[in-house]
Amino acid sequence: MIAHRMSKIDSSGIRKVFDLAQKMQNPVNLSIGQPDFDVPEEIKMVAMKAIEDGANKYTVTQGIAELRNGLLKRLQEQRGVNAEDIIITSGVSGALTLVFMVLINPDDEVLIPDPAFVSYKHLVNFCGGKSIFIDTYPDFQLTAARIEPHITKKTKALIINSPANPTGIMCKARDIKEIAEIAKKHNLVVISDEIYHDYDYHHVFESIGKYYEKTLTLDGFSKSFAMTGWRMGYAAGPASMISEMIKLQQYTFVCAPSPAQYAVAKSLDTDLSKYIANYKKKRDLMYNGLKDTFQIVKPGGAFYFFPEVPWGTDEEFVATAIKNNLLIIPGSVFSERHTHFRVSYAASEETIHRGMDILNSISRQ
């Protein structure tokens, strides 16, 4: 009865841990990939006013002009990205779904860093494409030298995620430029997932869309504005690709949530500096608390670490953590390897301290 394409998609390992968290009594939760602060009050007020003013109906499929124009201007001014067109989507996940369905034919190859965000390979599989994994261990840096040996005549697209989930690693400016050259040489589409770009602790973020016109820049507000449930994202890039995404959105998502569109359009200049500074502090707290016990790479952005397990497989180590009331994510959710785990510092300092105590304790078993 079920379509064959569904056999190519596994249930999310992250969601399994989230479901488990609902059944546990007060777990130490360092698994979740969402900020621990709430949507800034000023944005809530704008959203409530939008609802009261009647912004509750469908918008045009591509999103309201005020938001689209504001985002195109910001992309140009802040990232040097001169995108031809833009679509507002139901989160970056909505953008990814539309992008893959529009671009990927059966047997097309898509280059994906390993490790990487869990949705990439499953969406490629869903569309009948083939995921080609680029090993970035042990430093998790995506480079042109690591990419080029995997390019074939069937290669259609390359995914970049910087800052990255699950590692927090950011692409270096030199590497971004070299990757742009490789993409241009082989006529690849670059899908640049920049959802964590605000969590850039050393102000070194570079968007590949600045250097390569066949880039689809994906971003949103779930992480920066802590509005994961509002489902607000966008994709910007070549008009020929965006127009096809708009066409498909008519028959799938219809439009992104309308009150959220109006709220975000009026909130683009919200000052996030205090939130970002707080997360940099938490990053340093967790790094200093784990670096003497675990093999760990210090991230430049996002809010994750991806340490190597000190013994056993990732599933075995995570199972022991859960028995000790700590929720973390097995690394194989994001990778073809079973050697690491993801831990998030999107939590209170008290929770981080409790989690580190458990991790350091079970590392010696």
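General observations
- For the residues ASP108, ASP284, ASP135, a 1.4 Å probe over the protein chains yields an accessible-area ranking, largest first, of ASP135, ASP284, ASP108.
- For the chain, the relative contact order works out to 25 percent when only alpha carbon pairs closer than 8 Å and six or more residues apart are counted.
- Think of a 1.4 Å ball rolled over the protein heavy atoms: the chain then has 44 Å² of accessible area per residue.
- Extension gain for LYS8 to GLN78 (0.36 nm times residue separation, less C-alpha to C-alpha distance): 21.3 nm.
- Dimensions in Å of region 267-310 - Rg and Dmax from alpha carbons: 13.2, 44
- Fraction in percent of alpha-carbon pairs per bin - 10 Å, region 22-178: 8, 25, 34, 23, 9, 1
- Förster radius 41 Å - calculated FRET efficiency between LYS247 and LYS177, Cβ distance, rounded to 0.05: 0.80
- Computed log₁₀ I(q)/I(0) - Debye formula, equal Cα scatterers, no solvent, region 27-84, q 0.16, 0.26, 0.29 Å⁻¹: -0.84, -1.03, -1.08
- Fully extending the segment from LEU272 to ASN26 would add 85.6 nm, taking 0.36 nm per residue of separation and subtracting the current Cα-Cα distance.
- Placing a label point 7 Å from the Cα of ASP139 along the Cα-to-Cβ line, the residues of region 280-314 whose backbone N sits under 16 Å from it are 296-301.
- Area accessible to solvent at HIS353, 1.4 Å probe radius, in Å²: 90
- Listed by chain and number, the lysines whose C-alpha is less than 30 Å from the C-alpha of LYS184, apart from same-chain residues fewer than 8 away, are LYS73, LYS121, LYS130, LYS153, LYS154, LYS156, LYS172, LYS210, LYS214, LYS247.
- With the simple spin-label model, which puts each label point 7 Å out from Cα in the Cβ direction, the TRP311 to GLU41 separation comes to 5.0 nm.
- Expressed in units of 2.2 N^0.38 Å, where N is the residue count, the Cα radius of gyration of the chain is 0.97.
- Ligands, DNA and RNA left out, the accessible area of the chain computed with a 1.4 Å probe is 50% carbon and sulfur.
- Overall Cα dimensions of region 100-150, principal axis frame, Å, largest first: 31, 21, 13
- Whole-number D in µm²/s for region 283-355 (Stokes-Einstein; Kirkwood sum over Cα pairs; 20 °C, 1.002 mPa s): 172
- Rh by Kirkwood over Cα pairs, then Stokes-Einstein D for region 119-203 at 1.002 mPa s and 20 °C, µm²/s: 157
- Cα centroid separation, region 246-265 to region 137-209: 28 Å.
- In plain terms, the bigger the Kirkwood radius, the slower the diffusion; for region 180-307, with that radius from Cα pairs, at 10 °C and 1.306 mPa s, Stokes-Einstein puts D at 93 µm²/s.
- Normalised contact order of region 262-356, rounded percent, pairs of Cα under 8 Å and 6 or more residues apart: 26
- The residue list ILE322, MET1, PRO299 was ranked by how far each Cα lies along the charge dipole of the chain toward its positive end, using unit charges on Cβ atoms, and MET1 comes out on top.
- Short-range pairs are left out: with C-alpha atoms under 8 Å and at least six residues apart, the relative contact order of region 119-226 is 24 percent.
The values are calculated or read from the model by the stated rules, or taken from the named source; none is laboratory data. Remember, it's a predicted structure, so these values are computed and weren't measured experimentally. A quick note on method: Cβ atoms are made from the backbone with ideal geometry, for glycine too, and the neighbour counts reach across all protein chains shown. Each accessible area value is taken on the protein alone, full model and side chains, heavy atoms only, with ligands, DNA and RNA left out. Shrake-Rupley method; radii C 1.70, N 1.55, O 1.52, S 1.80 Å.
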